[in-house]
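Asker: Before anything else, here's the structure in question.
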Amino acid sequence: MTAVYPATARLDTTPVREALLQKIASDPGLPALGSSISQVVQLASSGDEAVRNLAHFVLSDAGLTQKILRLANTVAYRAAAGAQVTTISRAIFLLGFDAVKTSALAMLLVEGMSGKHAQDVRAELAQALCASIVGRELARRSHFKDSEEAAVAALFKNMGRLLVASHDHALYKEILVLMGADGLSAGRASMACMGCSFEALAEVVLHDWQIPDSIVKALAPLPSGPVKVAKSRPEWLQQVAAFSTSAASLIFQQRDPAEDTASRLLLEQFGTALGLDQAAMVALYKTVTEQSHALIDANVRAPVPAARPAAVLSGSMLPADIMMHVEPELEMGVETCHPSGKPHNSRDLLLAGVKDVSEMMASGRCKVNDLMLLVLETLHHSLGFRFATICVRDPRSGQYRARLSLGNLPVSARSDFLFSIGDGRDLFGLALANDADLLISDASAANIAALIPAWHRSLLPDARSFIIVPLLIKGKSFGLVYADRIHVAPEGVPPDETALIKMLKGQVISALTPH
């Protein structure tokens, strides 16, 4: 049977399609966007490095960091936190790895594509964000391995429409007219206007971005009629992507799943395959509505001041002015920074970090690596450092090597962060020998410069202030925390902040000590 298209359909769609593909190919922002999205998609959710890798990616982008923190502090998620969330590690712990991963993907899309034909593109982006949350909720019910890919597939299901809306707005409007006035499906309308489906267009771009085939193939349209229970993971991903996009459209229209005809038909089509009944559909709509509002708000609202990187510490058997001393608390609450970069409200940020670590330890479900990352991030953002690392001692060679790192330091410098104590007469050796937490406010001071080892001067020649916090377990050196700035820090660390830093140190040692 020959398909009949309306009179507005083009006889030759090749020039239109080729012109669109050329516009997409010449968009200078898409390669970088694709590279970032590919990096996030390929982050594995399992393994000891999972949380660290995701946290590193998010923290490398200040805008993305603010948006994830804003999301974690929205009403939908704040109840679980009980207090303001100020670190990405804490956000991942509370929201879950997959939630932060798919949210980061959505935020990258919004950042990369929302500047063009804003109103229509925003509408398509909002629906894509909502679909990703539907996919995430369905993934929680699934027995398939790596089911979290469903949220990614659902997010990308709308990619074709996004690309057309942002790169050929007139063509986008033309397709919408066919879908509205002439009542064509999205597939038939897009074929009539550009000679390919939205899914086929998305497939071209996603392949260029090196998105896994399992996700790209999930975008293919399903045949009409009731959907049967999937026999394989690829089939299930395809079903979830299709259902999520349709459900997101209805959710945005504020349809009542208990009364709405379109929702009832959607349930009849997918209910058996996805294990949904009317009660589950109502609950799904409610959950997705709340979470999608939170995600959209996190992307649309103006940025709020976020906690910035951190600085400082002190210790024991060296010049008295580089030692930290514990005394009664002082109150500091201003959300501005010293010239060094250290926030004025460091005490409040450190206190929040101590509470976060305590909660993570009490949960019984944290890994030591994740806890150390949270402590490192707390020190980094609470005290204004440009770089922070936890170094671990190799028991065979006796050398110390960076294990976890955060901040603005080239990857090559991080990999070169390897040193030996030698005769123990430099700052690092003295700190470890005395279990002394050291604050160096001005590395150029004569009494300090003489104690700085050659490897430090060579690797970090611009470090003007730094801290060294030894980590000893039962009297034996496990490693140390190091963090620095490129500015001197004459403000130092008052006793109340010192006490909180020592508490963080104690929490790390407690987590590392066999019980």
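The values are calculated or read from the model by the stated rules, or taken from the named source; none is laboratory data. Every value quoted in this text rests on a predicted model; they were computed, and no experiment measured them. So basically every Cβ, Gly included, is an ideal-geometry build from the backbone, and we count neighbours across all protein chains shown.
Asker: Looking at Arg393, Arg457, Arg401, Arg425, which is the one that is of a type outside the set (Gly, Ala, Ser), within 22 Å of Asp370 (Cα to Cα) and free of Cβ contacts under 8 Å to residues at least 40 places away in the same chain?
Answerer: One residue alone meets the criteria, Arg401.
Asker: OK, next. Kindly list the number of the only condition in (1) touching a Cys at 6+ places or on another chain (Cβ under 6 Å); (2) at positive phi that fails for Gly225.
Answerer: It fails just one condition, (1).
Asker: Please find, among Glu268, Glu259, the residue that is among the charged types (D, E, K, R), over 30 Å from Leu108 (Cβ atoms) and modelled with pLDDT under 90.
Answerer: Glu259
Asker: Taking the stretch 221-235 as the region of interest, how many residues are over 13 Å from Thr272 (Cβ atoms) and not basic (Lys, Arg)?
Answerer: Qualifying residue count, the stretch 221-235: 7.
Asker: Filter the helices (runs of 4 or more DSSP H) completely within the stretch 406-515 down to those with at least 3 residues that are buried (at least 18 other Cβ atoms within 10 Å of the Cβ).
Answerer: 427-434, 495-512
Asker: Checking Leu184 against (1) among the aliphatic types (A, V, I, L, M); (2) assigned to a loop (DSSP other than H, G, I, E, B); (3) closer than 16 Å to Ala150 by Cα, which test does it fail?
Answerer: Of (1) among the aliphatic types (A, V, I, L, M); (2) assigned to a loop (DSSP other than H, G, I, E, B); (3) closer than 16 Å to Ala150 by Cα, only one is false for Leu184: (3).
Yes or no, residue by residue, for (1) of a type in the set (A, V, I, L, M, F, W, C); (2) buried (at least 18 other Cβ atoms within 10 Å of the Cβ); (3) free of Cβ contacts under 8 Å to residues at least 60 places away in the same chain; (4) touching a Ser or Thr at 6+ places or on another chain (Cβ under 7 Å):
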residue: Thr102; (1), (2), (3), (4): no, yes, yes, yes
residue: Val121; (1), (2), (3), (4): yes, yes, yes, yes
residue: Ala131; (1), (2), (3), (4): yes, yes, no, yes
residue: Glu148; (1), (2), (3), (4): no, yes, no, yes
residue: Met159; (1), (2), (3), (4): yes, yes, no, no
residue: His169; (1), (2), (3), (4): no, no, yes, no
residue: Gly187; (1), (2), (3), (4): no, no, yes, yes
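Asker: Among the listed residues Ala165, Ala202, which satisfies the condition of being surrounded by 24 or more Cβ atoms within 10 Å (Cβ to Cβ) and touching a helix residue (DSSP H, G or I) at 6+ places or on another chain (Cβ under 6 Å)?
Answerer: None of the other options fit; the residue is Ala165.
Asker: Could you tell me which of the residues Leu373, Leu351, Leu438 is under 22 Å from the mean Cα position of the chain (by Cα) and at negative phi?
Answerer: Of the residues listed, the single one that is under 22 Å from the mean Cα position of the chain (by Cα) and at negative phi is Leu373.
Asker: Would you check if there is a residue in the stretch 481-496 being assigned by TED's automatic domain parsing to the domain that holds Ile440, acidic (Asp, Glu) and in contact with a Leu (Cβ under 6 Å, 6 or more places away or on another chain)?
Answerer: Yes, some residue in the stretch 481-496 is assigned by TED's automatic domain parsing to the domain that holds Ile440, acidic (Asp, Glu) and in contact with a Leu (Cβ under 6 Å, 6 or more places away or on another chain).
Asker: Are any residues in the stretch 48-106 at pLDDT below 80 and part of a helix (DSSP H, G or I), and if so, which ones?
Answerer: Of everything in the stretch 48-106, those that are at pLDDT below 80 and part of a helix (DSSP H, G or I) turn out to be Ala62, Val75, Ala76, Tyr77, Arg78, Ala79, Ala80, Ala81.
Asker: Something else: With Val229, Val240, Val177 as the choices, which residue is touching a residue at least 40 places away in the same chain (Cβ under 8 Å), of a type in the set (Val, Ile, Thr) and part of a loop (DSSP other than H, G, I, E, B)?
Answerer: Answer to the selection: Val229.
Asker: Name the pairs: first residue in the stretch 250-264 and over 12 Å from Cys130 (Cβ atoms), second residue part of a helix (DSSP H, G or I), Cβ to Cβ under 6 Å, at least 6 apart or on different chains?
Answerer: Pairs found: Arg255/Ser263; Pro257/Ser263; Pro257/Met281; Pro257/Val282; Pro257/Tyr285; Ala258/Val282; Ala262/Leu250; Ser263/Leu250.
Asker: Looking at the stretch 303-326, can you tell me whether even one residue there is modelled with pLDDT of 80 or more, of a type in the set (A, V, I, L, M), within 29 Å of Leu59 (Cβ to Cβ) and not assigned by TED's automatic domain parsing to the domain that holds Leu351?
Answerer: no
Asker: Closer than 28 Å to His56 by Cα, at pLDDT 90 or above and either in the same structural domain as Ala218 (by TED's automatic domain parsing) or within 22 Å of the chain's Cα centre (by Cα) (or both): which single residue out of Gly160, Gly135 fits that description?
Answerer: From the options Gly160, Gly135, the qualifying one is Gly135.
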